[in-house]
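Engineer: Below is a structure I'd like to ask you about.
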Amino acid sequence: MAAARSPRSWPDAVLETTRAQLGLWRGPGLASRRATRLDLRRMAALDRWPASVLIEYASLLVCSGAVHDQGRLVATQFRVNRAMPRERHLAHARHRDPIDLGQSALLVIDCQRAFVSAAERTCVVEAEPTLRRINTLCRAFHDAGRPVLATRHAHVDVPTGPGMGSWWSSFLLEGSSQAELGLGAALGLVDQVLAKHTYSAFRSGVLERTLRSRGLNTLVLAGFQTHICVDTTARDAFQSGHNVVVVEDACSARERALHDAALQCLSSACARIATTRDILRWLGPSAAHAGPV
């Protein structure tokens, strides 16, 4: 781990944020003893701080002697990073403006028990709140009269040979409990479930025909996993001539870093990145009371 930097090396904006958020001041660039005693979990609750600032502050605790061993700092950084809400900073995003959802559909990708059940080793990060937002989106699109589609990934037989068969050691199989949809009550709001056995929901051609037949030009994506099936489907949707919106807090992956990396790449290449709140606002008044976010 890189050596912790002195607060004197912090940008002025970071110092001002530190002082304002904690209400502490004891001279230029210095942390007070009260600050060093601040409970680390309370730090994580300061949701207006970017995670990077909190981690920088944790490094300061080492400098000041409040945290003496690097192992505890690593644990602190991990806990802070997991506790913070997803950051809205996408350095490479090409489009940040709202988009008309009048000709859109919601596509929930692989919201299956393998990814949302805490008992499964493949469960994604923050599965419960992500699933809650997916349910809210299903209700919002249904109430707005927009189609709600879902994919379910499963194999009839275990793939063998090159490609997927050589890449993974286990698979979602037809008839298994892990392959069942885990949408709960929102399953009744789904207009069509599309079966797939590849990363992309477009491979079979059924999704493309559905979108064209309904005159839809925008696909709003939620589901799992962000860096695999969501990413591949988003790129294929774009290549097929559709506008693409990925709902960042209604998607997840087994590791936060993979989720974040996928969003950065997609925001540059082919997709607008939005939050659940953004989508509800863009859908209009009918979505105002769709559910919790």
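Engineer: In this structure, does Asp236 turn out to be free of Cβ contacts under 8 Å to residues at least 24 places away in the same chain and out of contact with any Pro (no Cβ under 8 Å at 6 or more places or on another chain)?
Structural biologist: Details: free of Cβ contacts under 8 Å to residues at least 24 places away in the same chain: no; out of contact with any Pro (no Cβ under 8 Å at 6 or more places or on another chain): yes.
No, not satisfied.
Engineer: Restricting attention to segment 266-278, which residues are buried (at least 17 other Cβ atoms within 10 Å of the Cβ) and either part of a helix (DSSP H, G or I) or of a type outside the set (Gly, Ala, Ser) (or both)?
Structural biologist: Narrowing segment 266-278 to residues buried (at least 17 other Cβ atoms within 10 Å of the Cβ): 266-267, 270-276, 278.
If the condition is that a residue be buried (at least 17 other Cβ atoms within 10 Å of the Cβ) and either part of a helix (DSSP H, G or I) or of a type outside the set (Gly, Ala, Ser) (or both), then Leu266, Ser267, Cys270, Arg272, Ile273, Thr275, Thr276, Asp278 are the ones that fit.
Engineer: Restricting to segment 242-265, name every residue that is over 15 Å from Ala91 (Cβ atoms), in contact (Cβ under 8 Å) with a residue 40 or more places away in the chain, part of a strand (DSSP E or B) and out of contact with any Phe, Trp or Tyr (no Cβ under 8 Å at 6 or more places or on another chain).
Structural biologist: Selection gives Asn243, Val245, Val247, Asp249, Ala250.
Engineer: Step by step: first the residues of segment 282-291, then only those that are outside any loop (DSSP other than H, G, I, E, B) and either free of Cβ contacts under 8 Å to residues at least 40 places away in the same chain or aliphatic (A, V, I, L, M) (or both), then the one that is surrounded by the fewest Cβ atoms within 10 Å (Cβ to Cβ). Which residue is that? Lay out the reasoning, then the answer.
Structural biologist: Let us first name the residues in segment 282-291 that are outside any loop (DSSP other than H, G, I, E, B), namely 282-283, 285-287.
If we keep only those that are either free of Cβ contacts under 8 Å to residues at least 40 places away in the same chain or aliphatic (A, V, I, L, M) (or both) too, we end up with 283, 285, 287.
Numbers: Leu283: 23, Pro285: 10, Ala287: 22.
The residue in question is Pro285.
Engineer: A follow-up question, please. Read through the list (1) out of contact with any Phe, Trp or Tyr (no Cβ under 6 Å at 6 or more places or on another chain); (2) free of Cβ contacts under 8 Å to residues at least 40 places away in the same chain; (3) part of a helix (DSSP H, G or I), then give the number of the only condition that Val230 fails.
Structural biologist: Going through (1) out of contact with any Phe, Trp or Tyr (no Cβ under 6 Å at 6 or more places or on another chain); (2) free of Cβ contacts under 8 Å to residues at least 40 places away in the same chain; (3) part of a helix (DSSP H, G or I) one by one, Val230 breaks only (2).
Engineer: Now a separate question. Answer yes or no as to whether Thr233 is among the polar types (S, T, N, Q), in contact with a Ser or Thr (Cβ under 6 Å, 6 or more places away or on another chain) and assigned by TED's automatic domain parsing to the domain that holds Ala144. Explain how you work it out, then say what you get.
Structural biologist: Values: among the polar types (S, T, N, Q): yes; in contact with a Ser or Thr (Cβ under 6 Å, 6 or more places away or on another chain): yes; assigned by TED's automatic domain parsing to the domain that holds Ala144: yes.
Taking the combined requirement at face value, the residue satisfies it.
The values are calculated or read from the model by the stated rules, or taken from the named source; none is laboratory data. The structure presented is a predicted model; accordingly, all values stated were derived computationally and were not measured. No Cβ is skipped: glycine too gets one built from the backbone with ideal geometry, and neighbour counts run over all protein chains shown.
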